[in-house]
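Structure, as structure tokens:
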């Protein structure tokens, strides 16, 4: 960003819940990005109300954020979450200027509950998972849908311009957002990997897919599933995880 820092808006995040660790993350981010300030600093993946209270409590990460805000090292504070309960509480709290939340053309949770609520409280809405974790193939449609909301900024995860035109599709309403809130599994099942098996098979050549250690790890762990339902209780999107795990394991065994 040398020579054009003033034309770039830099947003980064911290997973820390306490002030000391959060401050360390911020200083490391500024060092790596070669900048002396961050435009938007966000608390990452605050998945539960317990986590939320830790961030805002005594000695919490918010203490570091307020200190750095006053010092001019950050300019705005935001929060990232997959939980609607956390998102609604954060938006109405007065502490945050932005909320980063999944918002996808094939899911109406955000448009039904959060977009207008954020606008009402003058909180900017950053739409994550805009391409459903790189599986929607019509980028123009996905982004056009989001741009109809005047307080929403899409944050699509891409590496190259061509990626937008080469993303594959799975329009299933049972989309896993890969938030990993379902973990840890009591039986050690690597749930995010199992949930993505068929998508990964579509994205990669079959020979590569079948020899990939990530896939092997996911498949082997899925055999330990005892259908306890712990993952479904934790899933913020209420997905039928047990059913999908069984389906994806059958799919893998049909091609292996």
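Quick note: the coordinates plus some simple rules give every number you see, no bench work behind them. All figures in this text were calculated on a predicted structure; none of them were measured in a lab. Don't worry about glycine lacking a Cβ; one is built from the backbone with ideal geometry, like all the others, and counts go over all protein chains shown.
Subtracting the Cα-Cα distance from 0.36 nm times the residue separation, let me have the gained length for residue 37 to residue 202 in nm, one decimal.
Working: separation 165, 0.36 × 165 = 59.40 nm, distance 4.09 nm.
Using 0.36 nm per residue and subtracting the Cα-Cα distance, I get 55.3 nm.
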Summing -39500 (n - 2.57) over every DSSP H run of at least 4 residues in the chain and dividing by its residue count gives a helix-only mean residue ellipticity at 222 nm, to the nearest 500 deg cm²/dmol, of -12500 deg cm²/dmol
Of 234, 144, 73, the one that fluctuates the most in a GNM where the chain has Cα springs shorter than 10 Å | 144
On a 0 to 90° scale, report how tilted helix 84-93 is relative to the longest principal axis of the chain, with both axes built from alpha carbons and the result rounded to the nearest 10.
-> 10
To the nearest 10 degrees, how steep is helix 213-222 against the longest Cα principal axis of the chain, on a 0 to 90 scale?
-> 70
Send over the per residue convex hull volume for the range 1-152, Cα only, as a whole number of Å³.
-> 123
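Using the number of other C-beta atoms within 10 angstrom as an exposure proxy, rank 68, 30 with the fewest first.
Numbers: 68 21, 30 18.
Arranged by neighbour count, lowest to highest, 68, 30 become 30, 68.
Of the beta bridges DSSP finds with both residues in the chain, what % are antiparallel, to the nearest 5? Mind showing how you got there, number by number?
On the way: 1 of 21 bridges.
Around 5 percent of the beta bridges assigned by DSSP in the chain are antiparallel ones.
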Can you sort 41, 212, 233 so the residue with the fewest Cβ neighbours within 10 Å comes first?
-> 233, 212, 41
Select from 130, 83, 213 the residue whose mean-square fluctuation is largest in a Gaussian network model of the chain (Cα-Cα springs shorter than 10 Å).
-> 213
For helix 241-255, report the angle its Cα long axis makes with the longest principal axis of the Cα atoms of the chain; keep it between 0 and 90° and round to the nearest 10°.
-> 50
What is the distance, in nm, between label points placed 7 Å from the Cα along the Cα-to-Cβ direction at residue 144 and at residue 214?
-> 3.1
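Provide the FRET efficiency to the nearest 0.05 for the residue 233-residue 117 pair, computing r from the beta carbons and using R0 = 30 Å.
Working: r = 25 Å, r/R0 = 0.85.
The value I calculate is 0.75.
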Determine, for 199, 255, 191, the number of other Cβ atoms within 10 Å of each Cβ, and report the residues in order from fewest to most.
-> 255, 199, 191
